[in-house]
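The values are calculated or read from the model by the stated rules, or taken from the named source; none is laboratory data. Being a predicted model, the structure only gives us computed values, none of them experimental. Positions of Cβ are backbone-derived with ideal geometry, glycine not excepted, and every protein chain shown enters the neighbour counts. Just the protein is used for accessible areas: all its heavy atoms, side chains included, with ligands, DNA and RNA removed. Shrake-Rupley method; radii C 1.70, N 1.55, O 1.52, S 1.80 Å.
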Amino acid sequence: MSDYVADFMGHIKAKNPSEPEFHQAVQEVIESVSVVLEKHPEYRNAKIMERISEPERVIMFRVPWVDDQGNYQVNRGFRIEMNSAIGPYKGGLRLHPSVNLGILKFLAFEQVFKNSLTTLPMGGGKGGSDFDPKGKSDNEVMRFCQSFMMELYRHIGPNTDIPAGDIGVGGREIGYMFATYKKIKIEYTGILTGKGLNWGGSLIRPEATGYGTVYFAAEMLATRGETLEGKTCLVSGSGNVAQYTTEKVLDLGGKVLTVSDSGGYIFDADGIDREKLAFIMDLKNVRRGRINEYAEKFSSAKYTAIDPSADCNPLWNHKADCAFPSATQNEINAKDAKNLISNGVYVVAEGANMPTVPDGVDVFLQNKILYGPGKAANAGGVAVSGLEMSQNSMRYSWSREEVDNKLHGIMKSIHQSCVEAGEKYNCQGNYVNGANIAGFVKVADTMLDHGIFG
Ligand code: NDP
């Protein structure tokens, strides 16, 4: 089997050059599922891994727009329609200058397994652009989003492909894109999730990824008879996922010591309480300011700039029980992982997608901590997107409590699927293998049912 894995990865790298994040994501899955492929030759005979790692469709397009000074600008837009075996393509849109084909392919690939884990009928996709919303006026963001949707509208639909938000895409951007689609198509349909409550959005969708990640951490802790009550937590990022992770940790009696943005992080020895969290939400969602302002406002906090070229991130070098990486991919390297362990962290639940490099993952697994990889731990966001789609189809809205209960139930079920897959394939306690195997088998079996076009 190791020859097959090496050969397979050789092909992936040759066929998808200069896409290291995509290679990293595929490598993790093939290593996890190799035990399944060994036991089930039908998957190898039907070339499931070869097909599942090839996008069904990649759309790449020019996004021209005009800035406030009247200058012409151009960005590149993408939509990766990765796999539609178990449902229409579903996955977020990312607006960040680092966006490129390889990053979106890694995210779309991860999304296939994540969506499969949610128990809902959703295939996997991802999209976005290298447009940087930071420092842009609302009008510039609106003109960009309109231009982006003038191409994207051809490829999406309520039963085809339903994008959502991701880094740099929140309620504002979804609103501009939704209205552009409606204007072009003269159609009021749920072609995006993460919509505003007045126009087809679901209660709890903004909260879902963060809440779900904390529910997943609570499930992992329950396997050791523990809860989040009194636990100290390190959170990175200060966007959507970080904010609602912080809120749910507070709800469950924990204490959050840190949040960050791409410039640096704050450490608040007294913990981030609800008043301070409201300040962060206003700072990031309304005023669109930088996190160092937190330390100017609250004397209990210290701000430290983060040097991205340093060999480790000081945020991960504080005494704590739990860590919730909630910013971006590869934000925890092997040294950071070791620092976390030596500072007493024994629960890591990933709100971000693939925030830990493979060597860092090895450190967590070797130390047998409770490590919940993003594709399981952060699946609550897309799960509630799936619930938003159901509500749109029914022309009906569930209450906050109903959606939260469903989200909680889905996170418990994802946790259970990971545990059961781990037990079945003899890797108990390894949530990486558990999540990859459980997510893979459902999609692979469907692809077998569908034949060559599956
Ligand atoms: P936001 O744009 O709301 O927030 C992102 C946060 O991460 C910001 O604080 C941002 O800082 C920071 N950040 C972004 N890029 C970098 C970088 N290269 N280096 C350091 N910090 C960075 O995004 P979300 O909260 O929605 O997404 C965060 C993570 O969660 C991503 O990995 C995303 O894929 C994942 N995720 C999101 C879901 C969702 O529902 N939103 C669902 C599942 C996963 P700054 O403002 O300075 O850029």
Checklist entry - Looking only at the range 160-175, which residues have a backbone nitrogen under 16 Å from a spot 7 Å from the Cα of Asn198 in the C-beta direction? => result 171-175
Checklist entry - Just how many pairs of Lys in the range 208-368 have C-alpha atoms closer than 19 Å, counting pairs that are eight or more places apart or on different chains? => result 21
Checklist outcome for this item: Taking every DSSP bridge whose two residues both lie in the range 33-181, the antiparallel percent to the nearest 5 is 65 percent
Checklist entry - Quick one: if you stick a label point 7 Å off each Cα along the C-beta vector at Ser390 and Arg274, how many nm between them? => result 2.9 nm
Item to check | Relative contact order of the chain, pairs being alpha-carbon contacts under 8 Å that are 6 or more residues apart, as % | outcome: 16 percent
Checklist entry - Can you work out the FRET efficiency for the pair Lys13 and Arg400, with r the C-beta to C-beta distance and R0 = 51 Å, to the nearest 0.05? => result 0.65
Checklist entry - Using the heavy atoms of the protein chains alone and a 1.4 angstrom probe, what is the accessible area of the chain per residue in square angstrom? => result 40 Å²
Item to check | Cα centre as origin, Lys/Arg/Asp/Glu Cβ charges: the range 217-262 dipole, Debye | outcome: 100 debye
Item to check | Subset of Lys126/Lys406; Lys375/Lys424; Lys114/Lys406 violating a 21 Å alpha-carbon distance limit | outcome: Lys126/Lys406
Next on the checklist: Could you order the peptides 304-312, 219-227 from most to least packed, using the average number of other C-beta atoms within 10 Å per residue?
Outcome noted: 219-227, 304-312
Checklist entry - Which percent, to the nearest 5, of DSSP beta bridges fully inside the chain are antiparallel? => result 55 percent
Next on the checklist: For the pairs Lys195/Lys412; Lys47/Lys185; Lys15/Lys182, flag any whose C-alpha to C-alpha distance is greater than 30 Å.
Outcome noted: Lys47/Lys185; Lys15/Lys182
Checklist entry - On the accessible surface of the chain, probed at 1.4 Å, how many percent belong to carbon and sulfur atoms? => result 50 percent
Next on the checklist: Please identify the DSSP H helices in the chain that span no less than 18 Å along the helix axis (Cα) and have a mean Kyte-Doolittle hydropathy of -0.5 or more.
Outcome noted: 2-15, 20-39, 101-117, 138-152, 205-222, 380-394, 431-450
Checklist outcome for this item: Projecting the Cα atoms of Gly196, Thr213, Gly237 onto the charge dipole of the range 185-238, where Lys and Arg contribute +1 and Asp and Glu -1 at Cβ, the residue farthest towards the positive end is Gly196
Checklist outcome for this item: Rounded to the nearest whole number, the Stokes-Einstein translational diffusion coefficient of the chain at 10 °C and 1.306 mPa s (Kirkwood radius, C-alpha pairs) in µm²/s is 72 µm²/s
Checklist outcome for this item: Dividing the alpha-carbon radius of gyration of the range 1-147 by 2.2 N^0.38 Å, where N counts its residues, gives 1.22
Item to check | Candidate aspartates and glutamates for bridging to Lys136, where Cα separation is under 15 Å - those fewer than 8 sequence places away on the same chain excluded | outcome: Asp67, Asp68, Glu173
Item to check | Hypothetical label at Gln416: residues of the range 360-401 whose amide nitrogen lies under 16 Å (7 Å Cα-Cβ projection) | outcome: none
Checklist outcome for this item: For the range 208-368, the Kirkwood Rh over every pair of distinct alpha carbons, in Å, works out to 15.4 Å
Item to check | All Cα pairs of the range 169-277, percent lying beyond 18 Å | outcome: 58 percent
